[in-house]
Structures are given as C-alpha cells and as structure tokens.
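S.K.: Got a structure for you, written out below as structure tokens; questions coming shortly.
Read-outs throughout are calculated quantities, based only on the coordinates presented, and are distinct from any laboratory measurement. All values derive from a computational prediction rather than experimental measurement. When we count neighbours, we look across all protein chains shown, and the Cβ atoms used for this are built from the backbone with ideal geometry, even at glycine.
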Amino acid sequence: MPSENRQQGLFAARATLPQEEGFRSWLAEQGTKGRVVSDVCSRVRRTMRYVRVAEAEDGDALWSELLKNKEFRALSGAVQSQLKRAGLLYVKFLRGTRGEQ
C-alpha cells in the first residue's frame, strides 16, 4: 500500500517543502547555522514521505502519526529522533506563521 501512495504522489520521494525560504530564515533567526538549516530542511522533506507534517496540530500528533507508519518504525532510533525533531521545528514554524502559539 505505501508504494501505491508514493506512485500516486501522496508521499512523493522528493517532496517540496512549502514555505521553505521562510522556514530557512526562521531557523537562522533561531540561531541555526547554515549547513544545519539545509540538513533540517532535508529531514523535514524526508519526514513528509511518512506523514503530512503540515497537517499536524502539534508535536504529539506528529509523533503519533509517524509511529503509525511501518516504514518509519523500521528506521533506527537515531534517525527517527532526527526526523521527529525536524518535523517538530517545522510544525512550530507553521504555527507561528498562522499566528498560533
């Protein structure tokens, strides 16, 4: 089933990151350095293969959705942690742009 979703573009292999430039600027404002900003963006795109990050209401909802995905659960704990952190940052950024706290 997941491969069917990818073929239909639901979880595109090379997902685009909505508002990427704004996200990059926001990360820099938070004190994130250049190469790390690129790494975080890459990890958010990778996280988007497993869930719709932008639709997560908060970090708990994001983590819950990630854990439902068999392919995500097959990743090492370190990689899961990196992807979760990147996703959380993106959710925080999106909430800020929508005026949510």
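S.K.: Quickly rank 81-90, 60-69 as a protection proxy: mean count of other C-beta atoms within 10 Å, highest first.
M.R.: The densest-packed peptide leads the list: 81-90, 60-69.
S.K.: Hey, another quick one. Report, ordered by chain and residue number, the aspartates and glutamates lying within cross-link reach of Lys92, taken as a straight Cα distance under 16 Å and ignoring same-chain residues fewer than 8 apart.
M.R.: Once the sequence-local aspartates and glutamates are set aside, what remains near Lys92 is Glu20, Glu21, Glu29, Glu55, Glu57, Asp58, Asp60, Glu100.
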